[in-house]
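The values are calculated or read from the model by the stated rules, or taken from the named source; none is laboratory data. None of the values given here were measured: they were computed from a predicted structure. Here Cβ is always computed from backbone atoms with ideal geometry, including for glycine, and neighbour counts include all displayed protein chains.
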Amino acid sequence: MANGLKLAAAALGVLVLAAVSLFIGVSDVSLASLLSSAPDDRPVQVLLISRIPRTIALVLAGMALSVAGLIMQMLARNRFVEPSTAGTVESASLGLLTVTLLAPDMPLMGKMLVAALFALAGTALFMQLLRAVPLRSALVVPLVGIMLGGVIWAVTQFFAYRFDLLQTLGAWTIGDFSGVIRGRYELLWLAAALTLVAYVAADRFTVAGLGEAFTTNLGLNYRRVLTLGLSIVALVTAVVVVTAGSIPFLGLIVPNLVSAVMGDNMRRSIPWIALTGAAMVLVCDIIGRVIRFPYEIPIGTVFGVVGSAIFLWLLLRRREQLG
């Protein structure tokens, strides 16, 4: 009961941040202007076409990426992996570049599916590398993922340079919600559905995180659970990259911060991780919109600074614990 009340309070906090997000921007959208405007007037149209879709996109992306990071950490059995430190984001970007070069007129859903296939392949490659490389320290795992992502990103940039798409590639991957309007964020509802699937399958992912032998002894198909988890991660990553670009370190720091308080019970942690991820994304987006008003700093840049600082703190903290 107490946990339910705390969750309700956290959800209320996210709603407050979302309400604040609705009224920040260059256009004059305030309660007074909305109450004095007709449905076709500019303040109402800005709210409906831009502000509400952007805020919903921020919440959905924050929730989905945070839960995807938790799934990766459980399956890789390492607290320092997530889509941006395992080559998943870079693979999705390569898939998006590939479909842009070969089939530029493909519908958005098709581009998302291609990006998801590339993201799934890149994540599977990362998992195979973990099996093949002798890992004497848990801190080596994210380094392997970062190196893999660096190689994939170098290949992506090479082809983008050859075909004069470097600027387009940068626009895709910087993590910017300023261009999100009605009709350009609806794919993120798929990410929300995948988050619900992750919650339903939470116990299976928890068991899979204990190892293949243990999972098999309990009667679960380890390969099937692994495929389900990696598919959720790949699809969520592809949807977010196609919609607004990448948000680095989100799926890493949020599960770690929540697990420090809640423990490793995945089913219990997922609602907290989703709400914390949404709150952090909203806060960083608000900071990016007000720090140099009326200009915006992309959320990918803001969260990159905040996330990298927390990532380093987590690494140093883990090293002290191991030492």
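For region 90-124, what are the residues that are more than 18 Å from residue 228 (Cβ to Cβ), modelled with pLDDT of 85 or more, of a type in the set (A, V, I, L, M, F, W, C) and part of a helix (DSSP H, G or I)?
Scanning region 90-124 gives 92, 94, 96, 97, 99, 101, 102, 114, 115, 118.
Quick check on region 17-31. Is at least one of its residues among the β-branched types (Val, Ile, Thr), assigned to a loop (DSSP other than H, G, I, E, B), surrounded by 12 or more Cβ atoms within 10 Å (Cβ to Cβ) and modelled with pLDDT under 85?
yes
All but one of (1) within 18 Å of the chain's Cα centre (by Cα); (2) surrounded by fewer than 22 Cβ atoms within 10 Å (Cβ to Cβ); (3) β-branched (Val, Ile, Thr); (4) under 30 Å from residue 51 (Cα atoms) hold for residue 146, so report the exception by its number.
Status for residue 146: all satisfied but (4).
Name the single residue that is nearest to the chain's Cα centre (by Cα) among those in region 83-107 being farther than 16 Å from residue 156 by Cα and of a type in the set (A, V, I, L, M).
So, considering only residues that are farther than 16 Å from residue 156 by Cα and of a type in the set (A, V, I, L, M), the one nearest to the chain's Cα centre (by Cα) is 106.
Kindly indicate whether residue 101 is surrounded by fewer than 16 Cβ atoms within 10 Å (Cβ to Cβ) and in contact with a Phe, Trp or Tyr (Cβ under 8 Å, 6 or more places away or on another chain).
yes
Go through (1) in contact with a helix residue (DSSP H, G or I) (Cβ under 9 Å, 6 or more places away or on another chain); (2) part of a helix (DSSP H, G or I) one by one and return the number of the condition residue 297 breaks.
It is condition (2) that residue 297 fails.
When you look at residue 75, is it aliphatic (A, V, I, L, M), in a helix (DSSP H, G or I), closer than 24 Å to residue 280 by Cβ and modelled with pLDDT under 85, yes or no?
Yes.
In region 286-316, what residues are of a type in the set (Lys, Arg) and within 18 Å of residue 58 (Cβ to Cβ)?
Within region 286-316, just 289 meets the criteria.
Report, by residue number, each residue of region 257-274 that is surrounded by fewer than 23 Cβ atoms within 10 Å (Cβ to Cβ), of a type outside the set (Phe, Trp, Tyr) and either under 11 Å from the mean Cα position of the chain (by Cα) or in a helix (DSSP H, G or I) (or both).
Hits for region 257-274 are 257, 258, 259, 260, 261, 262, 267, 268, 269, 271.
For residue 196, work out the one condition from (1) under 30 Å from residue 295 (Cβ atoms); (2) free of Cβ contacts under 8 Å to residues at least 60 places away in the same chain it doesn't fulfil.
Failed condition: (1).
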